[in-house]
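Asks: Sharing a structure, written as structure tokens. Questions coming.
The values are calculated or read from the model by the stated rules, or taken from the named source; none is laboratory data. The shown structure was predicted, so the numbers you read here are calculated from the model rather than taken from an experiment. Because the Cβ atoms are built from the backbone with ideal geometry, glycine has one as well, and the counts that use them run over all protein chains shown.
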Amino acid sequence: MIKSSWTKWIGLIIGVLLIIVFMWASVILGLTKISTQMVFDSFYQFDGSNEHIIIQDTRIPRALIAGAVGASLAIAGAIMQGLTNNPLASPSVFGVNAGASFLVVVGISFFGITSLGTLKWLAFLGALITVVIVYVLGSLGRDGITPIKLTLAGAAIAALFSSLTQGVLTLNEQALDQVLFWLAGSVQGRELELLTSVFPYFLTGWLCAIIIGRQMNVLSMGDDVAKGLGQRTLLVRIFGAVLVILLAGGAVAVAGPIGFIGIVIPHIARWLVGIDYRWIIPYSGVLGALLLLFADIGARYIIMPSEVPVGVMTAFIGTPFFIYIARRGINE
Amino acid sequence: MEEMDAISTNSLTLGYGEAKIIEELDLAIPKGEITVFIGSNGCGKSTLLRSLARLLKPQKGSIVLDGNEIAHMPTKKIARNLAILPQSPTAPEGLTVLQLVKQGRYPYQNWLQQWSNEDENAVISALQATGMSELAERKVDSLSGGQRQRAWIAMTLAQDTDIILLDEPTTYLDMTHQIDILDLLYDLNQTEHRTIVMVLHDLNLACRYADHIVAIQDKQIYKQGEPDEIITPELVHAVFGLRCQVTCDPICGTPLCVPFSKGRHLKGVNHGKSLVR
């Protein structure tokens, strides 16, 4: 674990530099060979060649999207784990991704919506609906909100929305092709506009998440202690939930439901910097971006010349880790 | 009279929906003294304590802290006057004692003012008062039960409040550590004149440490006052449903409640089996 605060700053700076390296790798690596020179040329002397088009329309959007989505999912996971005091909480486990995807799929297949702006709002709405349902279900009963009830509610809602999504897709096979690759989670073949339209929400989410780190530290000592210290815990919870909706909903709108980043990364961040959310959140962001960039680069090489959906890659990386956490949680 | 009370309640009613736990209760907690709530399990003493610390909203009635109704006070301002240590709180895994105690300064911080010298001093003196300075860098979950409770008390001390409420601060502690914690609280009351209000299960320890005992029974105060005056076999029977003799604590001279029970070596045939049950 990194102890002193200046080494934590250095770690963070190294992380950000690594993101730049990974993004550069994401632009030049893949089926079409790209050189660094070509990347610069594509900006300054664009000649309409295949490579230049690939760089500008595919590789660069893809690198930026992977970084932004990875950071957002990881931060959303860190916030959820902090707010619910639950190591298994994450946008995918609690059904937020599934809820957002469901509304997007309904929008595409029943209403033929293709406008990115509208789909983005559907994803936010789906995330909002899920958060509200899971919160209400998890807090029913006299003992109020408990980690176990929340997890059960989340798992149930995740399963519900996933089956509903599948139901919609079987009813409407035309939409299937359009939606299927997106549903597996992918940062490939997305236009940059999609990211730019969601980016303001991501940025707001990231900055606010860093600001509420201190509040989450207080809340993590339990509701009674936090209230006793004068924290308005409900306000903190609602604020945190709004951030989760922005970050996870936005991520789904851009890249589909990508699992495992939200659950795995906050644990790695905690392992690196300890239990202070003022550090866990920025570290989660940086590590999440790195993981998704890495997974997306890997996805190009596994079954070349085809590509694996990046959601499958993160699942490959994440599943063993998920089992490890679950086992540790149960043994305690 | 008003300024003699640290906290008071006016026809306070607490409960969940139709189920009332405390009804129309008027209570005055004397300033600078140790007040102990006693009563059987589920009588509402913890609920009452929680409501005094605004962790539970009253259904009816009001709670007054230093002349102000707490329902109308900003919660951070309350936290600068009154600290609460809930029953068996849990620190997040990996939290150090120092990090825990620092959280006690939360009510004094805002977006601009993050950490001042005053905060630093309050934390240092809280660690000293509880004898936790040496253990400041240790993880809370690696401490023994008694040390852990000291760490939590240090956090409430760092809050620098006149009033400290504690919900069963000695639960799950062995006898040595129960005495240790209660002695610590007694010292804080004596040297710093902090008002201490706590729920205790052990009636005899309550008698030793309390200036003022509040016995709660059937949603109301059964009786309150100095232990010497109010602790009688009748009160113990009415409040706990237990038959006992009350004698004098050989060490403190306070009332000592000795219950009748079954056992291998019953003395005192004159009390007969009818009382033994």
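Asks: Give the residue, chosen from B:41, B:10, that is away from chain A (no Cβ under 14 Å) and not in a strand (DSSP E or B). Can you show your working first?
Replies: Values: B:10 fails: not in a strand (DSSP E or B).
Among B:41, B:10, only B:41 is away from chain A (no Cβ under 14 Å) and not in a strand (DSSP E or B).
Asks: Separate question: Evaluate the following for residue B:204: is it in contact with a Phe, Trp or Tyr (Cβ under 9 Å, 6 or more places away or on another chain), in the same structural domain as residue B:61 (by TED's automatic domain parsing), among the polar types (S, T, N, Q) and touching a residue at least 12 places away in the same chain (Cβ under 8 Å)?
Replies: Working: in contact with a Phe, Trp or Tyr (Cβ under 9 Å, 6 or more places away or on another chain): no; in the same structural domain as residue B:61 (by TED's automatic domain parsing): yes; among the polar types (S, T, N, Q): yes; touching a residue at least 12 places away in the same chain (Cβ under 8 Å): yes.
No.
Asks: Right, here's the next one. Any chance the range B:110-131 includes a residue that's outside any helix (DSSP H, G or I) and at the interface with chain A (Cβ under 10 Å from one of its Cβ atoms)?
Replies: Taking the range B:110-131 as the starting set, the residues that turn out to be outside any helix (DSSP H, G or I) are B:110-116, B:130-131.
Cutting the leftovers down to at the interface with chain A (Cβ under 10 Å from one of its Cβ atoms) gives us B:111, B:114.
Yes, some residue in the range B:110-131 is outside any helix (DSSP H, G or I) and at the interface with chain A (Cβ under 10 Å from one of its Cβ atoms).
Asks: Among (1) at pLDDT below 90; (2) under 12 Å from the mean Cα position of the chain (by Cα), which single condition is residue A:75 missing?
Replies: (1)
Asks: Shifting gears a bit: Can you work out which of the residues in the range B:1-29 that are within 30 Å of residue B:243 (Cα to Cα) and surrounded by fewer than 16 Cβ atoms within 10 Å (Cβ to Cβ) is nearest to the chain's Cα centre (by Cα)?
Replies: Step by step, filter the range B:1-29, then rank; the result is B:26.
Asks: Let me ask you something else. Name the single residue, out of those in the range A:203-224 being within 13 Å of chain B (Cβ to nearest Cβ) and out of contact with any helix residue (DSSP H, G or I) (no Cβ under 8 Å at 6 or more places or on another chain), that is nearest to residue A:249 (Cα to Cα).
Replies: Only one residue fits best here, namely A:211.
Asks: Being within 17 Å of residue A:147 (Cβ to Cβ) and either more than 14 Å from chain B (Cβ to nearest Cβ) or touching an Asp or Glu at 6+ places or on another chain (Cβ under 9 Å) (or both) is the filter here, so list the residues in the range A:225-255 that pass it.
Replies: Matches in the range A:225-255: A:233, A:237, A:240, A:241, A:244.
Asks: Answer with yes or no whether residue A:151 is surrounded by fewer than 18 Cβ atoms within 10 Å (Cβ to Cβ) and either part of a helix (DSSP H, G or I) or out of contact with any Leu (no Cβ under 9 Å at 6 or more places or on another chain) (or both). Break it down into steps so the answer makes sense when it comes.
Replies: Details: surrounded by fewer than 18 Cβ atoms within 10 Å (Cβ to Cβ): no; either part of a helix (DSSP H, G or I) or out of contact with any Leu (no Cβ under 9 Å at 6 or more places or on another chain) (or both): yes.
Here the answer is no, as residue A:151 does not meet what is asked.
Asks: Could you list, in sequence order, all residues of the range B:61-102 that are at the interface with chain A (Cβ under 7 Å from one of its Cβ atoms), assigned to a helix (DSSP H, G or I) and over 18 Å from the mean Cα position of the chain (by Cα)?
Replies: The answer is B:75, B:76.
Asks: Another one. When you go through (1) surrounded by fewer than 24 Cβ atoms within 10 Å (Cβ to Cβ); (2) at positive phi one by one for residue A:271, which number turns out not to apply?
Replies: Checking residue A:271 against (1) surrounded by fewer than 24 Cβ atoms within 10 Å (Cβ to Cβ); (2) at positive phi, the one that fails is (2).
Asks: Name the strands (runs of 3 or more DSSP E) wholly inside the range B:210-265 in which the number of residues that are within 20 Å of residue B:165 (Cα to Cα) is 2 or more.
Replies: Details: elements: B:212-217, B:220-225, B:244-248, B:255-259.
Qualifying strands (runs of 3 or more DSSP E): B:212-217, B:220-225.
Asks: Take residue A:144 and tell me if it is among the small types (Gly, Ala, Ser) and not in a helix (DSSP H, G or I). Explain how you work it out, then say what you get.
Replies: Details: among the small types (Gly, Ala, Ser): yes; not in a helix (DSSP H, G or I): yes.
Yes: the conditions hold for residue A:144.
Asks: Pairs under 9 Å by beta carbon, first residue closer than 26 Å to residue A:45 by Cα in the range A:56-69, partner basic (Lys, Arg) and modelled with pLDDT under 95, six or more apart or different chains?
Replies: Here the result reads A:61/A:190; A:62/A:190; A:65/A:190, each pair linking the range A:56-69 to a residue that is basic (Lys, Arg) and modelled with pLDDT under 95.
Asks: Here's a follow-up. Would you point out which residue out of B:54, B:50 is at the interface with chain A (Cβ under 8 Å from one of its Cβ atoms), closer than 17 Å to residue B:28 by Cα and assigned to a loop (DSSP other than H, G, I, E, B)? Can you show your working first?
Replies: On the way: B:50 fails: assigned to a loop (DSSP other than H, G, I, E, B).
Only one candidate passes the filter, namely B:54.
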